[in-house]
Amino acid sequence: MDCSILKIWNLNAHSGVIGAFNCQGAGWCREGKKNLIHDVQPGTITGAVRGRDVSRLQEVAGDGWNGDVVVYSHVAGKASFNQNQRVVVILD
């Protein structure tokens with residue numbers, strides 16, 4: 001099975017945000033109209049996110065934006081500054 005991180009982003013007039021999620025082992029049942037769990041312990045996946053994954057963020061940030069972003073980890077409970085690089089994400 002090809003495992004990938006689910007990236008969900010949002011944008012407003014001043015900033016953007018992206019969330020990274022491990023949704024392996026679950027899926028939407030069209031017939032039952034509910035989430036189904038196929039694997040309760042799907043394992044760890046690794047991927048990368050960057051500010052440019054947020055579509056049109058360059059337009060909101062302006063011409064001077066060089067790709068720098070602030071990254072917040074909900075699990076670790078801390079924020080860090082990231083200088084125009086991809087952030088490796090490991091999700092359990």
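So how do 15-22, 34-41 stack up, highest first, on mean other-Cβ count within 10 Å?
15-22, 34-41
Please report Rg over Rh for the chain, where both radii come from the alpha carbon positions and Rh follows the Kirkwood definition.
1.04
So what J values fall out for segment 80-92 if you push phi through Karplus, 6.51 cos²θ - 1.76 cosθ + 1.60 with θ = phi - 60°, rounded to Hz, Gly and Pro as x?
Once rounded to whole Hz, the list reads 9, 8, 10, 8, 6, 10, 6, 9, 6, 10, 10, 10, 8.
Normalised by the residues of the chain, what does the relative contact order come to in percent, with Cα pairs under 8 Å and at least six apart?
That works out to 27 percent.
Here, each number is a calculation from the coordinates, and none is a lab measurement. On a predicted model such as this, the values are computed, not experimentally measured, just so you know. For neighbour counting, all protein chains shown are included, and Cβ atoms are generated from backbone atoms with ideal geometry for every residue, glycine included.
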